[in-house]
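Reviewing the structure listed below.
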Amino acid sequence: MENRAVVWNRIKANPECDVLIMGAGVNGTGLLRELALQGVRCILVDKGDYAAGASSKSSRMIHGGLRYLENAEFRLVSEAVHERNRLLKYAPHYVMPLRTLIPITSWFAGLIKSPLVFLGLPVTPGGRGALIVKMGLTFYDVITGRNRQTPRHYFMSKMLTELEVPGLKPEMICSANYWDAWISQPERLCVDMAREGCRINPKCAALNYVIAERADARHVRLRDMASNATLDIQPRIVINATGAWVDLANRVLGLTTRFMGGTKGSHLVINNQELYYALGDRMIYYEHEDGRICITFRFMDKIIMGSTDIRVANPDEAVCDEAEIDYMLTTLRGVFPKLKVSMHDIVHIFCGVRPLPFSGLDYTSRVPRAHQLQVTDADDQRTYSVYSLIGGKLTSFRAFGEQVADKVLRELSLERKESTRERTYYGAEEYPDSEDAKQLWIELVSQSSGVDSARVKTLLERYGTQAEQLAKIDEPTWRQPLETLPEYTVGEIRMIAEQEQVLHLSDLVRRRTLITILGEANMAVLTEIAAIAGEVLGWDEDKRRVEVDAALKEAAGRS
Ligand SMILES: Cc1cc2nc3c(=O)[nH]c(=O)nc-3n(C[C@H](O)[C@H](O)[C@H](O)COP(=O)(O)OP(=O)(O)OC[C@H]3O[C@@H](n4cnc5c(N)ncnc54)[C@H](O)[C@@H]3O)c2cc1C
């Protein structure tokens, strides 16, 4: 990626653009990639880091959303299943199949309630028995149809389920099993899409820590939060992809909207060996006694579990509170009653705000999850139109981006040049297509680079097939492990700091690597990484201390 100062000067030299995209989450970066391919000049900015919003705080499931069937969101589920399949195929370095098990405690529960929920009547969702789940999973299989990337669902008896996943609640009578997918690094996916967009269309630009702070009839003023410099740009269209912040960002543009009604969702990252082995390679998708669906699955060598769903007024103030932690641990004890999981096992907490549409519904789980686009046309007050992106899932960002891009192209009187439907993501070029091929790839790169195969495997998981080039870098620091965290090397940290628009230590440890989310961001690790990154970024001792404190606070789930 280009250096931040270089990008800023490039924008300054030519402040006119077709599209200004506000927000560099998965929707903003996905749109940049989509529009860049069509030759549209876009400038993408985020007031924080890439993926700093919901895109780094999700449950990391790439899924159709089985439970949305209950709300009759068939279009959403169908679109999301197809997008899941595309991500499995074109981003296999980040998106992998996930075996999912639903423990079931009744055959017929929900036969009355679910249709009422389905009809939009005001009843609390919950109590989903085997028959209702069977209907949902059959629909799931049908819509995947010919494009199948995952096996069909099946049911398992209580006895078999207990053998496969020991310790599940004794009331269970059977389990439903199906496949969805998970994403290891949505944060890097966002960075990669911004990088790819600017590479395929060098007229485009992407910058983090740049806020749109005010606007007049023709211009939007950007402020670089690092240098405090400002510049006025002249867009033809503004796309507001700020997720839960859409209404706040519209206010900057002089619009009064009430599109959003975000809910916060928290997750715990847990280090508990008993639970780790009980889960095996399965995600447990379970219903708590209040009807809320929770999930728990292995994430690398830890476990992610969540989440809550609580309305919030200001997305900037959303943090996980003690009551949420208690609630999540209680749900876990409900599904695995014999396992001892406690506060001491929590290694990281994160909380994000779902960019849901405003709704007066009583139950947050009933708020529609489908995405919508609201266009405010240009008029006497404003020479640019404003597109507000509302809702959407991590899973279906590409489809949403495609639909928005088609509207943009129409407004700009341009033809679509390329589709992203079958386009490989950065890092997935010539990715080995089976486990055997992967092993072979690792061995071959190991032989040609002289780097041991375990390290090549790690690089492949982190950077996709870019790993080949990285393994071959003939520079001593590239092979020098960190003293405090030997899974990373000094050269690797330097590369990220230099090439991926890192401004703060948190960018590096939370959104370019998995260090924080895996609970490894302790004082010693952060101090070592701050020293390496600080050398590249010119941080003095005071600045390093400030950066370490902020990263520690984030690691503890307090920001
Ligand atoms: C708890 C939780 C669990 C979820 N689980 C899943 C899941 O398992 N699977 C799934 O598919 N989806 C899931 N989602 C939904 C998914 O994460 C979001 O729908 C998706 O990430 C939204 O992306 P976005 O780009 O629209 O918004 P965000 O990722 O929130 O990005 C918005 C960006 O806008 C920036 N911004 C704000 N104001 C301004 C401004 N004035 N100027 C410039 N930039 C600004 C922010 O800094 C932020 O980076 C979950 C969400 C949450 C919160």
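The values are calculated or read from the model by the stated rules, or taken from the named source; none is laboratory data. No experiment lies behind these values; they were computed from the predicted model shown. Ideal geometry is used to build each Cβ from the backbone, glycine not excepted, and the neighbour counts take in all protein chains shown.
What the table shows:
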| read-out | value |
| --- | --- |
| Single residue of 353, 335 found to be within 23 Å of residue 292 (Cα to Cα) and surrounded by fewer than 22 Cβ atoms within 10 Å (Cβ to Cβ) | 335 |
| The one condition in (1) of a type in the set (Ser, Thr, Tyr); (2) assigned to a loop (DSSP other than H, G, I, E, B); (3) out of contact with any Asp or Glu (no Cβ under 7 Å at 6 or more places or on another chain) that residue 276 fails to fulfil | (2) |
| Filter result for residue 140 (under 27 Å from residue 332 (Cβ atoms) and modelled with pLDDT under 95) | yes |
| Residue in the stretch 261-283 that is farthest from residue 314 (Cα to Cα), counting only those that are among the polar types (S, T, N, Q) and surrounded by fewer than 18 Cβ atoms within 10 Å (Cβ to Cβ) | 273 |
| Some residue of the stretch 518-530 being under 19 Å from residue 48 (Cβ atoms) and outside any helix (DSSP H, G or I) | yes |
| From the options 221, 258, 214, residue that is assigned to a strand (DSSP E or B), surrounded by fewer than 20 Cβ atoms within 10 Å (Cβ to Cβ) and away from the ligand (no atom under 11 Å from the Cβ) | 221 |
| Matching residues, the stretch 299-326, being surrounded by fewer than 18 Cβ atoms within 10 Å (Cβ to Cβ) and in a helix (DSSP H, G or I) | 316, 317, 322, 323, 325, 326 |
| Some residue of the stretch 341-348 being closer than 22 Å to residue 257 by Cα and either aromatic (Phe, Trp, Tyr) or more than 12 Å from the ligand (Cβ to nearest atom) (or both) | no |
| Condition check for residue 310: away from the ligand (no atom under 12 Å from the Cβ) and β-branched (Val, Ile, Thr) | no |
| Segments classed as helices (runs of 4 or more DSSP H), wholly inside the stretch 1-93, with at least 2 members that are outside the structural domain of residue 218 (by TED's automatic domain parsing), buried (at least 20 other Cβ atoms within 10 Å of the Cβ) and near the ligand (Cβ under 7 Å from one of its atoms) | none |
| Every pair of residues 6+ apart whose Cβ atoms lie under 7 Å, when the first sits in the stretch 46-63 and is at pLDDT below 95 while the second is more than 6 Å from the ligand (Cβ to nearest atom) and not acidic (Asp, Glu) | 63/80; 63/84; 63/181 |
| Some residue of the stretch 334-343 being polar (S, T, N, Q), assigned to a loop (DSSP other than H, G, I, E, B), closer than 21 Å to residue 297 by Cα and without any contact (Cβ under 8 Å) to a residue 60 or more places away in the chain | yes |
| Some residue of the stretch 233-250 being more than 27 Å from residue 354 (Cα to Cα), within 14 Å of the ligand (Cβ to nearest atom) and outside the structural domain of residue 140 (by TED's automatic domain parsing) | yes |
| Flag for residue 175 being touching an Asp or Glu at 6+ places or on another chain (Cβ under 8 Å), buried (at least 16 other Cβ atoms within 10 Å of the Cβ) and touching a residue at least 60 places away in the same chain (Cβ under 8 Å) | no |
| Which listed residue is under 24 Å from the mean Cα position of the chain (by Cα) and within 15 Å of residue 209 (Cβ to Cβ), from 514, 537, 505 | 505 |
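Listed here are the residues, each with its yes/no results for (1) away from the ligand (no atom under 16 Å from the Cβ); (2) touching a helix residue (DSSP H, G or I) at 6+ places or on another chain (Cβ under 6 Å); (3) in a helix (DSSP H, G or I).
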position	(1), (2), (3)
392	no, yes, no
421	yes, no, no
426	yes, yes, no
445	yes, yes, yes
465	yes, no, yes
468	yes, yes, yes
485	yes, yes, no
